[in-house]
Amino acid sequence: MKSFISVCFVLIIFYSFNSQGSEASNWLKTEVDKILIAYQDPNLPSENRFLLIEQTINNNFAGKSIAIHVAKKSYKNASEEKRKEYIELFKRHLALNIAGLMQGYKNQEYKLIDARYDEKNKVNYIDMEINLDTGNILVTWRVLKHKERYFVIDLILSGISLVETKRSEFNSMLKTVDYNLSEFNKKLSDQNEISYSKIIN
Amino acid sequence: MQKINQIIFIVFLTLFSFQILAAASDQVSADSDDFETTTVEDEIYDPFEKINRAIFSFNNAADQIILEPVAKGYKKLPSPVQSGISNFLSNLRMPLVVVNQLLQGQGKNAAESTGRFVVNTTAGIFGLIDVADKIGLEEKEEDFGQTLATWGVGDGFYIVLPLFGPSNVRDTSGMLMTMVTDPVNAYAASEGEAWFVTTRITTNAIDQRSKIIDEVNALRNNSLDYYAAVRSSYYQNRKAAIDNTDDSDLTPLPLISIEFE
C-alpha cells in the first residue's frame with residue numbers, strides 16, 4: 001500500500017511538471033505564431049507590422065524586470081522619472097532586438113521539441129528548433145509563470161543568453177556615462193531610432 | 001453604421017486588452033540581488049580594450065565590405081552544394097577533433113568521431129555527404145582551446161585578432177596549436193601545396209559566416225555597444241562549448257522574479 005501511494009505521488013508530481021511544460025509550450029507557440037504571421041503578411045505596412053510585434057513582445061516578456069536586471073546600480077540610484085523613461089526605452093529596445101532576430105527566421109519552419117520545468121527556480125525551459133536549409137538552430141526560451149500567465153525572461157541562442165548579452169553591453173555603455181541613467185537614456189533613445197528606421201525599411 | 005460601430009468597438013477592445021496585458025507583464029518583479037554583477041560579466045578580463053576596439057572596428061569594416069557580401073553570395077548556391085562544402089570542411093577537422101577528445105578523456109566520443117570520419121570519408125564520398133549523422137553518429141566539436149580549458153588553463157585576457165575576430169590568450173594558443181598540428185595542412189604544405197591551407201581557411205570563414213548572417217545583422221543593428229555584445233556572446237558561446245553542452249539550463253539564470261509581487 002505504501003509503495004502504491006509512493007508511485008501515485010511520483011506520477012502526480014511528474015504529471016504536474018509535464019502538464020505545466022506542455023501548457024507553457026502551447027502558449028509560446030501561439031505567441032511566436034502571432035509574430036511570424038505578422039511578418040508573413042505582405043499587405044501589412046512595416047510600421048504597423050512592427051507595432052503589432054512590439055505589442056506581442058511587451059505583453060509576453062517580463063520587460064520591466066529584464067530592464068532593471070540589466071541596468072544594475074544605475075537604475076537603483078536614478079530618479080523615479082528617469083526610471084520610468086528608461087523602462088519605456090528598454091521595452092522598445094527589447095522589441096527591436098527580438099523583432100530583428102525573428103525577421104531572419106520569418107520563412108523558416110520551427111517546432112517545439114522539448115519543455116521542462118526547473119522546480120528549484122520555478123522556470124520553464126522550452127526548446128525550439130528552427131529548421132534551416134543547411135542545418136537546425138536551437139533556441140531555448142526561459143519562461144516564468146506569474147498569476148496564471150506566462151512571461152519570457154530570457155531566450156538563449158546557441159548557448160548565448162540575450163539578457164546576459166544585454167547586461168554586459170549595457171554595463172559597458174553605462175561605464176562611459178559614469179552610470180548616469182539620464183545620460184544613458186539619451187543614448188538608448190538614439191539607438192532605438194536607428195534600429196527602428198532599419199527595421200521598418 | 002452598425003458595422004462601423006462594431007469596428008470601433010473591436011479596435012478599442014484590442015487596445016484596451018493590450019494595455020491590460022502589458023500592465024500585467026510589468027508586475028513581474030526583479031529580485032533585489034539583481035543589482036549584483038553576474039559571474040559571466042566578472043570573468044571577462046579586457047585590459048587592452050582600446051586596442052581591441054580598434055581591431056574590432058577594422059574587422060567589422062572588413063566584414064561588411066568583403067566577408068558578408070561573399071557569404072550572402074555563397075548562400076545563393078543550391079543548399080546541397082553548401083551542405084557538401086560544409087560537410088567536407090567539417091570532415092577535414094575530424095582527426096584533430098578525435099585527438100582533442102582523447103586528450104580530454106572522452107573515449108566514447110573519440111570512438112564515435114573516428115567512426116564518423118571513416119564512414120563519411122568512404123560512404124560519404126570524401127566527407128561531402130554526412131552519412132554518419134543518418135546512422136546516429138552525431139557531430140561533436142572539440143579543439144585545443146577546449147582541451148586546455150578542461151585541463152584547468154584559464155581564459156587569460158580577451159583579444160580581438162585581426163580578421164580572425166574575438167578570442168582570448170588560451171583560445172589563441174589553441175588556434176596556433178591547431179594550425180601547427182593539423183595533419184591535412186601539414187601534408188599539403190609538405191607537398192608544396194600551401195595554397196590549399198589558405199583556401200581552406202578562407203572557405204571555412206565564408207561557410208561559417210553564411211550560417212549567421214541574420215544573427216550578426218540583428219546584433220549589429222540593435223546593439224548599443226556592438227563590441228561589448230560580441231565580447232559577451234563569445235565568452236558565453238565558448239563556455240557552452242567547454243562545458244560540452246547545448247543545455248541552456250547551464251547558462252546563468254537571470255535573477256528575475258523568483259519572488260513575485
- Message: Using only the alpha-carbon atoms of the stretch A:2-200 as identical scatterers, what base-10 log of I(q)/I(0) does the Debye formula give at q = 0.19 Å⁻¹?
- Response: -1.38
- Provide the per-residue ³J(HN,Hα) series for the stretch B:92-103, in order, calculated from phi with Karplus coefficients 6.51, -1.76, 1.60 and θ = phi - 60°, each as a whole number of Hz, with x at glycine and proline positions. 5, 6, 4, x, 6, 4, 4, 4, 5, 5, 5, 5
- Which lysines, on any chain, are close to A:Lys82 with Cα under 22 Å apart, when same-chain ones fewer than 8 places away are left out? A:Lys64, A:Lys72, A:Lys73, A:Lys91, A:Lys166, A:Lys175, A:Lys186, A:Lys187
- Query: Can you list the residues, at least 5 places off or on another chain, whose amide H is less than 5 Å from the amide H of A:Phe61, using H built in the peptide plane?
  - Reply: A:Val152
- Dipole magnitude of the stretch A:2-200, debye to nearest 20 (Cβ charges: Lys/Arg +1, Asp/Glu -1, about Cα centre): 700 debye
- Note on the structure: The long-range amide H neighbours of A:Leu44, using H built 1.01 Å from N in the peptide plane and a cut-off of under 5 Å, are none
- Apply the Karplus parameterisation 6.51 cos²θ - 1.76 cosθ + 1.60, with θ equal to phi minus 60°, to every residue of the stretch B:120-134 and state each ³J(HN,Hα) to the nearest whole Hz, in sequence, with x for glycine and proline. 5, 6, 8, 5, x, 6, 6, x, 5, 10, 8, 5, 4, 4, 5
- Task: Could you calculate the contour length gain from A:Glu193 to A:Leu132, that is, 0.36 nm times the residue separation minus the distance between their Cα atoms, to one decimal place in nm?
- Result: 18.9 nm
- Residue of A:Lys73, A:Lys111, A:Lys120 that the Gaussian network model of chain A assigns the largest fluctuation, springs spanning Cα pairs under 10 Å: A:Lys120
- Averaging sequence separations of C-alpha pairs under 8 Å and six or more residues apart, then dividing by the length of the stretch A:87-201, give the relative contact order as a whole percent. 19 percent
- Take the alpha-carbon centre of the stretch A:163-201, take the same for the stretch B:171-191, and report the distance between them in whole Å. 41 Å
- Task: Could you tell me which of A:Ser74, A:Leu28, A:Met128 has its Cα farthest along the dipole of the stretch A:2-200 towards the positive end, charges placed at Cβ (Lys, Arg +1; Asp, Glu -1), taken about the Cα centre?
- Result: A:Ser74
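Once you keep just the Cα pairs under 8 angstrom separated by 6 or more residues, what percentage relative contact order results for chain A?
Relative contact order of chain A: 23 percent.
Readers should treat all values here as calculations from the given coordinates under stated rules, not as data from a laboratory. Everything numeric in this text was worked out from a predicted model, so none of it was measured. All Cβ positions, even for glycine, are placed from backbone atoms using ideal geometry, and neighbour counts span all protein chains on display.
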